[in-house]
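Have a look at this one.
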Amino acid sequence: MDIRAEFLHFFEQKGHALRPSAPLVPDDATLLFTNAGMVPFKSIFTGEVPAPNPPRATSSQTCIRAGGKHNDLENVGYTNRHHTFFEMLGNFSFGDYFKEEAIAYAWEFITEVLKLPVDKLWVTVHESDDEAEEIWKKHIAGERIMRLGDADNFWQMGDTGPCGPCSEIFYDQGEEHFHSAEDRMGGDGDRFLEIWNLVFMQYERDAKGTLNPLPKPSIDTGMGLERVVAIMEGKISNYDSSLFMPLIEEVAALSKKRYIYEEGASFRVIADHIRSVSFLIAQGVNFDKEGRGYVLRRILRRAVRHGYLLGIKEPFMYKLVDTLNSVMGKQYPYLIEKADNIKEIIRLEEQRFFKTIASGLELFEKELADTQAVFSGEVAFKLYDTFGFPLDLTQDMLREEGKSVDIDAFDTLMQAQRERAKAAWKGSGDDVVSGDFKALLEKFGSNKFVGYTHVKEESLILALLDEAYQEVKSLPAGARGWVFLDKTPFYAMSGGQSGDKGTLSAKATVLDTRKFFELNLSEVETSAELKVGDKVEAVVAEDRKEIARHHSATHLLQSALKTILGEHVSQAGSLNDASRLRFDFSHPKAVTAEELQKIEDFVNDTIARGLEAKTEIMSIEEAKKSGAMALFGEKYGDEVRVVSVGEVSKELCGGTHVGNSAEIGAFFITKESGVSAGVRRIEAVCSRAAYAYAKGIRKALVEAEHEVKNSDVLLGVKRLKTEIKTLKSELQSALSSSKKEIEMQKIGETDVAVAVVENGDIKAMIDELKNQKESLAVMLLQKKGEKVMMAAGIKNAHAKAGEWIKAVAPVVGGGGGGRDDFAQAGGKDASKIEEAQQAALAFIQKALES
């Protein structure tokens, strides 16, 4: 039985709209991953958007629980039912039906479609929910209904908002398999397995904690597909089901080790983790040092380490992708479509970790030997920072030893590193920069940026920093330092946009503007003394216009990429300055020439249409409702700037932009390349830089016309290629005709040749002779003006080419050497080439006859 298909079909027949599985990366800033079936419907449940028509839906939602509040990572592999990746079957009512129908539907599906025996089923309800208990009694005996408290049977989305009691359906897996005191209904054992949770969303909790009845209660249910499949197949563990065993069997084949359940945690970890890794990569998440990409890295490296425990000492996870696709590819065809890309990205990440895993494990084992109960936080941090071991991987290894890690020490070092990274800026050198930033924040707070509306501003110098970022009272003429203005028109580098340049009255040139914490600081070179308390006219350089044009062009480029390459494209980094733009984005392969042309055409067409570009200030919620693209990892305040260009582009962005797309002028893609596995880069120019680029191409074309002596450059190049081909052919003919048969003699079983040749490639000649002879010793000498070139080759003969060449080269005043099978040398005295020939023959005769 295809349980997923049966479930969805059942609820479609009950009038539910079938919804596809939403992305694992949700459009929700509060969540790392989609971790439950209701996540895609959250805005409906909270009332942010109206209920759909019909007001009921069903789905099989892929979920990840491996980071943030919902994190099952450490339990995976060690229990029967925990997974980082799982599918949640659900049916939802948005103010439509309520408890009566939800309970009836669930009971009908379990008993009539799945045909689970009634004597194996139990139900729990909230201790206050008389209504649910009475409804359940219509379907199941009262003694099989248990009341539990808030901890077990009350669900809420957050501290405030929709919430309500829930009812859970349990399946008794049989007392013959379980013997602990907790293996009872209501206990913590595994005998009674929860398979379906029905949430009755009937209240709204306010800020005071009061529960107010909702006018239109809703239903949110979730049933774990993996658990139901295991039950239907008569398995106690999810991992013994058909969803996992093909993967476990493949791990056994790769490791050449037999899978025994009691000793098989590593097999199960790998089988689970390849699912998470493959789905995340397929949906555009890439390995990274933070955020979702770091969770992805943690999952893969945990799996690799368990493979290492099984004796697998080379990349192997990528080899499991095809097996996974045989299990899940039918339901999720994009896994098969992206299989090659998924494999390559996994393989490259595995290679990176395998370079350090042995050294890291050696350090771990050394420290473990000296550990009584608590493992050093300093060593755990070194494993993380130097060897790429995520903290939970170290904790995982320690758990196997019954030990823990000094989390406080680890966190202290991690926090120090974060602060260094946040306060540091790498300039022309590699030294980490730190300074009096905290003092300025405590004294003044952050300064005001007025550059969206003003490129010239009368400002007050609140503070000055020297080149070492230390606070000073003044900067003398000819000095460099940093200026902190009360209000500044200079944009500080962020969001990919470079920092502004300009002037401060006639006293200083602004070289750059940067952010340190929340401080907007401008780097200056003074032409007159600057003092704290000075009033200056801050003027932004004309470069700002060019920067704005490149930034707006980047927005159009992202829209073009999504339109032409697909919605999987997401920003992975950007740079916008006065002369160019650079945009990194997720995409599994190189962009073709044809695609690049379409992308370039898309952007230029938008420019030519002269679309209005506008910036609106709105709440983050309004911005998301408007469809504005947000960049994961960016921190947005309560109010955000939404930049749109006609109907072509709409993004959350704090940068500066044009007022109309026509201001961008023109757009040329100058380069496309790869940054890392799954991430591509496009570099481009627009406006004045585009004009300069086109002018350069025209100049090069004129020079090319001159060089090929033809106004049609392509025709001229074709003519030259034809001439070159003819000359090469004539040269080859001349060389071939000049070749004379090299005289061979036999010494024992070996063909021997020592000859002087007039022209040709002596190395190629030796290679040709090697291909013809079974046993060969050959040395060829050739005059090159007053000098001599010589090369020797040995094949299946009792002599060494290197020794032979070293013995002969001095005769012509030279030297050289090489391998046993081939060596070459040069000499200065061509007059002694015949003498060298005789010496070579004498040497090889002695060598072969001895």
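The values are calculated or read from the model by the stated rules, or taken from the named source; none is laboratory data. Bear in mind the structure is a predicted one, so any value in this text is a computation, not a measurement. Every residue, glycine among them, receives a Cβ derived from its backbone with ideal geometry; neighbour counts consider all protein chains shown. Only protein heavy atoms, including side chains, enter the accessible area calculation; ligands, DNA and RNA are left aside. Shrake-Rupley method; radii C 1.70, N 1.55, O 1.52, S 1.80 Å.
Separation between the Val675 and Ser505 pseudo-spin-labels, each 7 Å from Cα along Cα→Cβ, expressed in nm?
4.2
Specify the inter-centroid distance of the range 540-569 and the range 495-515, based on alpha-carbon positions, in whole Å.
22
If you don't mind, there's one more thing I want to ask. Cα-Cα over 27 Å: which of Lys289/Lys598; Lys313/Lys343; Lys507/Lys545; Lys589/Lys614?
Lys289/Lys598; Lys589/Lys614
Ser687 accessible area, nearest 10 Å², 1.4 Å probe?
Here the residue's solvent-accessible area equals roughly 20 Å².
Mind jotting down the three principal axis lengths of the range 716-850 based on Cα atoms? Whole angstrom, largest first.
62, 33, 24
Rounding to the nearest 10 and keeping the result within 0 to 90°, find how far the Cα-based axis of helix 377-387 lies from the longest principal axis of the chain.
Result, in degrees: 50.
Let me ask something additional. For Asn660, enumerate residues with amide H under 5 Å from its amide H, sequence gap 5+ or separate chain, H modeled in the peptide plane.
Placed amide hydrogens put Ala613 under 5 Å from Asn660.
So what's the projected area for the chain, the Cα convex hull averaged over all directions, in nm²?
Taking the Cα atoms of the chain, their convex hull projects to 52.9 nm² on average.
Then there's this: Rounded, prolate or oblate: pick one for the range 223-333, where a ≥ b ≥ c are the square roots of the eigenvalues of its C-alpha gyration tensor, a/c under 1.5 means rounded, and failing that, prolate if a/b is larger than b/c, else oblate.
Because a/c hits 1.5 or more and a/b fails to exceed b/c, the range 223-333 counts as oblate.
Can you give me the solvent accessible area of Cys653 with a 1.4 Å probe, rounded to the nearest 10 Å²?
20
According to the square roots a ≥ b ≥ c of the eigenvalues of the Cα gyration tensor, what is the shape class of the range 107-240, taking rounded for a/c under 1.5, prolate for a/b larger than b/c otherwise, and oblate for the remainder?
Prolate, because a/c is 1.5 or more and a/b exceeds b/c.
Continuing with the same structure: Mind checking which lysines have their C-alpha under 19 Å from Lys99, skipping anything on the same chain fewer than 8 residues away?
Lys14, Lys137, Lys138, Lys216
If you don't mind, there's one more thing I want to ask. Using the Karplus curve 6.51 cos²θ - 1.76 cosθ + 1.60 with θ = phi - 60°, work out ³J(HN,Hα) for each residue of the range 279-294 in order, rounded to whole Hz, and write x for Gly and Pro.
Taking θ as phi minus 60°, the curve returns 5, 5, 5, 4, 9, x, 7, 10, 4, 8, 8, 8, x, 4, x, 6 Hz for the range 279-294.
Let me ask something additional. Which whole-Hz couplings ³J(HN,Hα) result when phi for each residue of the range 146-154 is put into the Karplus expression 6.51 cos²θ - 1.76 cosθ + 1.60, θ = phi - 60°, listed in order with x for Gly and Pro?
Each residue's phi maps through the Karplus curve to give 10, 8, 10, x, 4, 4, 9, 10, 9 Hz.
Something else: What lysines could a cross-link reach from Lys795, if we take a straight Cα to Cα line under 26 Å and drop same-chain neighbours fewer than 8 places away?
Partners found: Lys739, Lys740, Lys746, Lys763, Lys770, Lys773, Lys783, Lys806, Lys846.
Can you give the helix-only mean residue ellipticity at 222 nm for the chain, where every DSSP H stretch with n ≥ 4 adds -39500 (n - 2.57) and the sum goes over all residues, rounded to the nearest 500 deg cm²/dmol? Could the numbers behind the result be given before it?
On the way: 24 runs with 309 residues, N = 850.
My calculation for the chain gives -11500 deg cm²/dmol from helical runs alone.
Helix 713-738: angle to the longest alpha-carbon principal axis of the chain, degrees 0 to 90, nearest 10?
Computed tilt is about 50 degrees.
Separate question: What share of all Cα pairs of the range 153-307, in percent, falls into each consecutive 10 Å distance bin?
10, 24, 27, 28, 10, 2, 0
Which whole-number percent gives the relative contact order of the range 281-364, counting Cα pairs below 8 Å spaced six or more residues apart?
After rounding, I find 32 percent.
Something else now. For the range 1-129, what is the per residue volume of the convex hull drawn over the alpha-carbon atoms, in cubic angstrom?
156
I've got another one for you. Let me know the volume per residue of the alpha-carbon convex hull for the range 443-528, in Å³.
Convex hull volume per residue, Cα atoms: 91 Å³.
Counting only residues 5 or more places away or on other chains, whose amide H sits under 5 Å from the amide H of Met146 once H atoms are built in the peptide plane?
When sequence neighbours closer than 5 places are left aside, the close amide H contacts are Val123, Thr124, Val125.
Tell me, Kirkwood radius of the range 198-282 from alpha-carbon pair distances, in Å?
The answer is 16.2 Å.
So, one more: Largest first and to the nearest Å, give the Cα extent of the range 681-795 along each principal axis.
Here the spans come out as 78, 36, 29 Å, largest first.
Using the Karplus curve 6.51 cos²θ - 1.76 cosθ + 1.60 with θ = phi - 60°, work out ³J(HN,Hα) for each residue of the range 459-464 in order, rounded to whole Hz, and write x for Gly and Pro.
10, 10, 6, 7, 7, 10
Sticking with this structure for a sec: For the range 776-850, report the convex hull volume of the alpha-carbon atoms normalised per residue, in Å³, without decimals.
Per residue, the Cα convex hull of the range 776-850 comes to 62 Å³.
Counting only the heavy atoms of the protein chains, how much of His9 is accessible to a 1.4 Å probe, in Å² to the nearest 10?
His9 has an accessible surface of roughly 90 Å² with all protein chains in place.
Next up: Give me, ordered by chain and number, the residues 5 or more places off Ala66 or on other chains with an amide H under 5 Å from its own placed amide H.
Those qualifying (amide H under 5 Å, at least 5 residues apart or on another chain) are Asp72.
Hey, another quick one. Determine the shape class of the range 1-59: with a ≥ b ≥ c the square roots of the Cα gyration tensor eigenvalues, call it rounded for a/c under 1.5, and otherwise prolate if a/b is greater than b/c, oblate otherwise.
Numbers: a/c = 3.42, a/b = 1.38, b/c = 2.48.
Cα axes put the range 1-59 in the oblate bin.
Determine the order of Glu131, Glu263 by accessible area, beginning with the largest, at a probe radius of 1.4 Å. Write down the numbers at each step before the final one.
Details: Glu131 95, Glu263 140 Å².
I get Glu263, Glu131, largest accessible area first.
Above 13 angstrom, tally the Cα pairs of the range 145-198 and express them as a % of all pairs, no decimals.
Pairs farther apart than 13 Å: 64 percent.
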